[in-house]
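Working notes for the structure below.
The values are calculated or read from the model by the stated rules, or taken from the named source; none is laboratory data. Nothing here was measured: the structure is a model prediction, and the numbers come from that model. All Cβ positions, glycine included, derive from the backbone under ideal geometry; neighbour counts span all protein chains shown. Only protein heavy atoms, including side chains, enter the accessible area calculation; ligands, DNA and RNA are left aside. Shrake-Rupley method; radii C 1.70, N 1.55, O 1.52, S 1.80 Å.
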Amino acid sequence: SIGSILQAAGVLDRTFGVFTKLDTLKSSDPDVDPLTHALSIVRAGHPTIKLQHPWHAVSCRASGKVAERRWAEEGRSGSKELHRLLLIHEKEDAFLRTLNPGPSPLSADDEKTWRCIGQDKLRQFLQTEAYEKFVTERWVPFVLEKIFKRMVEVHEALVARGLPFAPHTLGPAVGQLPQEWAEARNFATKRTQLKDQPAVKQVWSRDHTAATFARCLLEHVDGGTRSFRLLEHCEPFARARAALHQEVHRIRDETTAVADLSGDVAAVEKCLATNAAVLDALSSFGAACDGLEDAVPRALCERICAWEAGADAVSAHGPFVAERCGNALHLVAETMKAAWMPEVAKWLGKVCDRAQAADWATVTDSVVVPKADALDALDSEAHTAVLFALHSCVKKASDALKTRLTGSSQAGLTADPGPLLEVAAWSGRRDADIALLVNLGRLVTAIETHQELPDTAATSCVTTQPPSAARLASTSSLGSAGSGEAVNP
């Protein structure tokens, strides 16, 4: 049955039956007056559609041709639709006066049924008993739940994009937030649906001033550089280091195999050749390292972006996400690039100078014997020299970044750190999220207080909208004379 279908769909409690064209009904019993007959029809309802609410009844709509003729007779002034609505009201009012001319009082049951006859009474019922009850008990809680869920998702996105926030410029004083940030925080931290959510706590427990952001940036860069391993994180250097190691071992092994040299001169020449091979290996390694002026800074910046402060720090404050500080990382990379070749030449040059002054093979019983331990030490020393060069470059880059951010004062920022704090694209996405939180908060307040929604209300992110009262009230002219139609708002 229709009732069981409505019950299964979960809409039986907000489905209303309406009889149309009540003015065309006539009783087969001449002794039954029209009012009694109409009341009995409405009170009984439809024989096969059992609803929770009483049935209503309305008369026929007024003829559109009559309304247009009246509009033409008045010189086609005013609204044609207004003429039609007035005609409907007049026709309905005339029918109801004919149906119940009075003044005979109605019984309690008849009075209750009489309140279900007429378009005005149906409209009033739908707008109050039906619509407002539905909105208050069902739609508002449902939509608010979706809004709060969306706000939690936005906070999670803010955490994923990095904390703390960073203004484009110097920002407000310590302890203060921009107006929109403060409004979003005040709403989130006072709502029981939001304040205990982990992402909300992470976002609004942080100090989001520019000075705090600069300090976190420096700490993150320092932590990322400390975790940087040249062999592990820079593949081009690992290849250059492996080539030096292989060449040093080749020199050592080939020299060991040479024996039975004839004369002192040949032995000396062989030792000199060994020394030259060692210097050539160092020179090739130095040239390969010089070519890493782009690869090493790039690998370091990638490591800084990938580095995490640790599980405890992340769970307490959220990730920093250094990737959003692309301009600051660019400063680090450019400073390192400028310093790389001079530092490599400085530190590796010392190794080459010592290697040039040393002998890497000796002659024993006319056999050239390599200095294996010395060669192994040289191999390690060349690697260490590059690490010293890296350390010097990193220190220069960190000092340059720190100087740009803090200047001579350790307590505040320079006059305009500008885009070093955060790339504009990242700030734009964050600002859009915060604006969304503000608008969603205003939307919640407007729904709860039944005030007019602000122009900036973010209604686009909540797709479920309540049915309009006007649409609920337009449920006339359904079915044929004496038939019943179930109307679901």
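Quick notes on this one:
- Within straight-line reach of residue 396, meaning a Cα separation under 19 Å, sit the following lysines at least 8 residues removed in sequence or on another chain: 337, 346.
- Rounded accessible area per residue of the range 267-352, 1.4 Å, Å²: 44 Å²
- Between residue 227 and residue 180, residue separation times 0.36 nm minus the direct Cα-Cα distance comes to 13.2 nm.
- Ranked packing of 235-241, 210-216, most packed first, by mean Cβ within 10 Å: 210-216, 235-241
- Amide proton proximity set for residue 16, modelled H, under 5 Å, gap of 5+: 487, 488
- Accessible area of the range 2-136 belonging to carbon and sulfur atoms, whole % at 1.4 Å probe: 55 percent
- Computed 3J(HN,Hα) for the range 125-137, one whole-Hz value per residue from the Karplus formula 6.51 cos²θ - 1.76 cosθ + 1.60 where θ = phi - 60°, is 5, 5, 6, 10, 4, 8, 5, 5, 5, 4, 5, 5, 8, glycine and proline marked x.
- Set of aspartates and glutamates near residue 21 by C-alpha distance (under 13 Å), chain-local residues within fewer than 8 positions excluded: 92, 485
- All other residues whose Cβ lies under 14 angstrom from that of residue 10 are scored, Lys and Arg at +1 and Asp and Glu at -1, for a net of 0.
- ³J(HN,Hα), Karplus 6.51/-1.76/1.60, whole Hz, each residue of the range 183-198, x for Gly, Pro: 5, 5, 5, 4, 5, 5, 7, 10, 9, 5, 6, 10, 4, 8, 6, x
- The dipole here belongs to the range 2-136: it is taken about the Cα centre, uses +1 on the Cβ of Lys and Arg and -1 on the Cβ of Asp and Glu, and is about 460 debye.
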